[in-house]
Amino acid sequence: MTESNDIEQLRADLELITKTSKVLATKLEKVSIKFNQILASLEGKPIPQIPPQETPAPRPTPSPTPTPATPTAPTTPSQPIGAEGTSKTGRLLDDFVSQVQTMKTGKEISKALSGLRDQVMQSAEVGFHPAFHEMGRYANQIKNIREISAVEREQLFEKIHDWKSRLMG
């Protein structure tokens, strides 16, 4: 990777972190307001005691190596990526698959993928997720491709399927 590509990748990573921190700050503000409302309603009343909860066992982290796509999960514009396509995130990802069908260059797809990532990040149903970072990296990887081949397009569909299952799961 050249130094120019490294700089572009760092800029994209910084942009993603900045957007994520803004989303987190907004959520923190909402929680703080709700907390203050609850405290105000409890003034003069005894504070209820909440029994301690057991902390769940830590979830294993996924391996850094990508898992091979299953051949039983083809993605076409007429077929949603999964049964969970009713959520906003699911609809956004399914719609993106349809949009990609008409796009020819990596630059077009890269721009659309970055926009999709931003939309999903801002949806209330998904907090920070490593898939957002992967979307940004993939967008940077394909933006210099002049014409997307059928194989590259299918790889993109597999990635979208993977991101959707992880974001919805």
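Each value in this text was obtained by applying a stated rule to the coordinates, not by laboratory testing. Model, not experiment: these values are computed from the prediction. Cβ: placed from backbone, ideal geometry, glycine included. Neighbour counts: every protein chain shown.
If the segment from His133 to Glu152 were pulled out straight at 0.36 nm per residue, it would be longer than the present Cα-Cα gap by 4.9 nm. Structure note, pairs Lys19/Lys88; Lys19/Lys111; Lys88/Lys143: Cα-Cα distances above 22 angstrom occur for Lys88/Lys143. In terms of packing, defined here as the mean over residues of other Cβ atoms within 10 angstrom, the peptides 101-108, 4-11, 32-39 line up highest first as 101-108, 4-11, 32-39.
For the pair Leu10 and Gln99, a Förster radius of 30 Å applied to the C-beta separation gives a FRET efficiency near 0.60, rounded to the nearest 0.05.
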